[in-house]
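Accompanying notes for the structure given below.
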Amino acid sequence: MTGHRWLNPALAAVVIALLLGSLLTGPAGVGLVEGLNALLFGSSAEREATVLIMREIRLPRALLGLLIGAALGLSGAALQGYLRNPLAEPGLIGVSAGGTLGAVLAIHTGLAGLTVLALPLSGLLGAFLAVAVVMGLTGLRGGPLTLILAGVAVTSVCGALTALALSLSRNPYATTEILFWMLGSLADRSLLHAGLAALLILPGLAVLLGTGRALEALTLGEEAAASLGIDLERVRRVIVLGTAFAVGAATSVAGTIGFVGLVVPHLIRPLVGHRPGRLLLPSLLGGAALVLAADIVVRLFGDSGELKLGVLTSIIGAPFFLYLVLKARKELVT
Amino acid sequence: MRLEAEAVAIGLGGRQILRIVSAHVAAGELVGIIGPNGAGKSTLLKAMAGVLRPAGGRIALDGADCAGLARSEMARRVAYLPQSRIVHWPVTVETLVALGRLPYHGFAVEWDADDRVAIDRALGDLQVAHLRKRLVSELSGGELARVLVARSLAQQPRILLADEPSAGLDPAHQLALFRHLRSLAESGMGVLVALHDLSAAARFCHRLILMKDGEILADGRPDMVLTPELMRRAFDVAAVHGTVDGVPVVIAH
C-alpha cells in the first residue's frame, strides 16, 4: 500500500523544469537569469523588449501549457476511472466537440474579431451546451454506458455542424483561421486567455481530484461501490462537470489537443499499481509535463509556425493508440 | 442489530421483480435465501443493501429507515457482496481487500492500524493471506471469489449480505466458507446469503427464506422449509430430504 512515493515529487520537478524551459524557448534569445529577472522584477528602460517578451508572450504560453496539460491529463484519468475503460478520453463526453463548434461559429460569424475573448467565450458556451445536452440525455439514473452513447451522439452532431460551418464559409481567411484553430495551439495567447483558462480549469481540477475515493471503490463495480457508501449519481455529475470546466476551457482557449488525456493516464497507470484514485494527481502532473514538452518541441522545430501543438500530440498519440490496440489483442489471445 | 425489508416492492422495466416482500436478518443468525433463478433473491439483497431503491416499502436498520441514514454510516454496518465478480483494474489482492476500509475514511486514504488488523484478519480468515501481493487478474476463479469475500469482511460489518458467495468454489473451500459464515454469525454478525446448494442450506443456515416469482413462499427453520411440498412448489422438482452420517442432505430428482 506504500505505492511509489517518489512519483509525484519527481513529476512535479519535471513540470517545474519544463515550465522554466517553456519560458526560455522562443525565437528571441533570452538567457535564464535575464529572462527570469525581466519576468519577476519588470521593466527598466534598456530591457523593455525582454520584459514584453517574457510577460506578454512566453508567460501566458507557459501557463496555458501547464493548465491545459493538467486539465487533459486529469480529466482523462478521472473519466477512465469512472467508465472503467482505459480507452476513454476527455473528448468522449462531447466537451471538445462542443467547444470546437462554439469557437468555429465565433470565427465564422466574425464575432471572434470583435474582442479578444469572444472566441474562447463562445467556445465555452459551446462546450457547456454540449455537456448540458449530454447530461440531459443521460438522465438522472443513467449509467456509464448511457453517458458514452450520449457523448458520442453529441460529438457527432457538433462535428457535423462544425463541418457545415466550414463548408458554408465564403471567406477564405476565415476558413484558414478555422482550420488552424482546430489544429490546436498555444501560440499568440495573451494573459487574458491564461486568466480565463485558470478561472475555469482550477475549480475543475479541484473537484476532479476529489473523486479518488469513489474511483477506487468503482474498481469493484457500481453495486459494490454503492454499498461502500459511494453516491454514484453525484460522482457522475462531478466528473462530467469537472471535465466540462477543465477541458471546455482548455479547448476554448487552445483548440483540440488530442491524445494527451488518453495517453498520459495509460503511461502512469502501471506506476501506481493500477489504482484509479492514485492515478489522478500523477496524471495531472504528467499531462502538464507532456503538453509543456510538446509545446517546447513545436517551437524548437517549427520556426515558421507551421507545426501546431495539436498536430504534434496527435502524431505522437495515434501510434500509441495503435500500440494499445495491439497490446489489448495480445492480452486477449493469451 | 436487525436489518429488515418491510413490504418492499421493486419493478424493473415494467416487470415486477419483488411484490411486497418482507424479510429480515438479525445479529447472530445465518440466514439462507433459496429459490429458482429469477425468483428475486439478488434483487432482495440489493434492496436490503441500499443499492436498489425500492418503489414501495422501506428498508430499516434497527427500526430506523435506511433512506435517512448517511451512506457511509450504512456502509459501516452493512456489507454487500455482489454476485458479479468482475474487478475492473488489475490491482493487488491486498489493495482490493483494503477497499472494504473505504467507509471508515474520508477524502485521503492512508490505512491506519485498525485497517491493517481488519485487512490481515480478513485475508487470514479466507485463507488468501499468501496471495496478498498477487494481482487479482492472475487469480483462479475460486481464489478471486474468496478474495472478494475477504473484501466484504474487511468492512467489519454488523450485517453481511452475500449473493452466492460459494458459487464456483471447490467442495473444500465451499465447506470452509460456510463454516466461516456460520462462525461469524455465532460471534454476533447477521449473515444473509443467497445460495443454490440446498444441502449446505440445510446444514449451515439457522433459517431459510424460500422465494419464487418475487414472493416469499416460506421463511423458517430449514427442516420446515425444505419440505417435499415446498420444494415442488418452488423448484418443480421432487426433493428427498434426509441425513447421511448425521449431515443433512437434500437431493432433487
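The numbers here are math on the coordinates, done by the rules we state, and not lab data. Computed from a predicted model, the values in this text were never measured in an experiment. Neighbour counts are summed over all protein chains in view; Cβ atoms, including those assigned to glycine, are modelled from backbone coordinates with ideal geometry.
Summary of values
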| read-out | value |
| --- | --- |
| Charge context of residue B:79, other residues only, Cβ under 10 angstrom, K/R +1, D/E -1 | +4 |
| Exercise: per-residue mean of other protein chain Cβ atoms within 10 Å, B:89-95 | 6 |
| Selection from B:72, B:48, B:124 lying farthest towards where the dipole of region B:1-125 points positive, charges on Cβ | B:48 |
| Fewest-first sequence of A:279, B:123, A:137 by Cβ atoms within 10 Å of each Cβ | A:137, B:123, A:279 |
| Candidate lysines for bridging to residue B:46, where Cα separation is under 22 Å - those fewer than 8 sequence places away on the same chain excluded | B:212 |
| Calculated FRET value between residue B:238 and residue B:137, using beta carbons and R₀ = 45 Å, to 0.05 | 0.55 |
| Computed magnitude of the charge dipole of region B:1-83 (debye, nearest 20; Cβ of K, R +1, Cβ of D, E -1) | 280 |
| GNM flexibility winner over chain A from A:95, A:131, A:238 (Cα, springs under 10 Å) | A:238 |
| Principal semi-axes in Å for region A:29-77 [√(5λ), Cα gyration tensor, largest first] | 29, 9, 7 |
| Three semi-axes of the equivalent ellipsoid, region A:149-284, Cα gyration tensor, whole Å, largest first | 34, 18, 14 |
| Pairs of Cα atoms farther than 26 Å apart, chain A, % | 48 |
| Dipole axis of region A:2-132 (+1 Lys, Arg; -1 Asp, Glu on Cβ), positive-most option in A:19, A:97, A:75 | A:75 |
| Rg(Cα)/(2.2 N^0.38 Å) for the protein assembly as shown, N = residue count | 1.16 |
| Global geometry of region A:211-318, whether rounded, prolate or oblate, following the gyration tensor of its Cα atoms and the 1.5 cut on a/c | prolate |
| Cubic angstrom per residue, convex hull over Cα atoms of region B:120-248 | 131 |
| Dipole magnitude of the protein assembly as shown about its Cα centre (Cβ charges: Lys, Arg +1; Asp, Glu -1), debye to nearest 20 | 200 |
| Mean shadow area of region B:44-90 over all directions, Cα convex hull, nm² | 4.3 |
| For region A:283-293, 3J(HN,Hα) per residue [Karplus equation, 6.51 cos²θ - 1.76 cosθ + 1.60, θ = phi - 60°, Hz, x = Gly/Pro] | 5, 4, 5, x, x, 4, 4, 5, 5, 4, 5 |
| Lys, Arg +1 and Asp, Glu -1 on Cβ, resulting dipole of region A:162-314 about Cα centre, debye, nearest 20 | 140 |
| Chain A, relative contact order [Cα under 8 Å, separation at least 6], % | 30 |
| Residue-averaged 222 nm ellipticity for chain A, from DSSP H runs of 4+ at -39500 (n - 2.57), nearest 500 | -24000 deg cm²/dmol |
| Charge dipole of the protein assembly as shown about the Cα centre (unit charges at C-beta), most positive-ward option of B:103, A:108, B:195 | B:195 |
| 5 angstrom amide H check on residue B:81, placed H, neighbours 5+ away | B:161, B:162, B:163 |
| Region B:128-222 - percent relative contact order, Cα under 8 Å, separation 6 or more | 22 |
| Average partner coverage of B:65-71, which counts Cβ from other chains inside 10 Å | 1 |
| Cα gyration tensor shape of region B:1-69, rounded if a/c is under 1.5, else prolate or oblate by comparing a/b with b/c | oblate |
| Shape box of region A:1-115 [Cα atoms, principal axes, largest first, Å] | 56, 53, 20 |
| Percent of Cα pairs exceeding the 27 Å cut-off, where the set is chain B | 37 |
| Calculated [θ] (222 nm, deg cm²/dmol) that DSSP helices of n ≥ 4 give over chain B, each run adding -39,500 (n - 2.57) | -9500 deg cm²/dmol |
| Amide H partners (placed H, <5 Å) of residue B:33, local residues excluded | B:193, B:194, B:195, B:209 |
| Computed Kirkwood radius, in angstrom, where 1/r is averaged over Cα pairs of region B:1-124 | 16.4 |
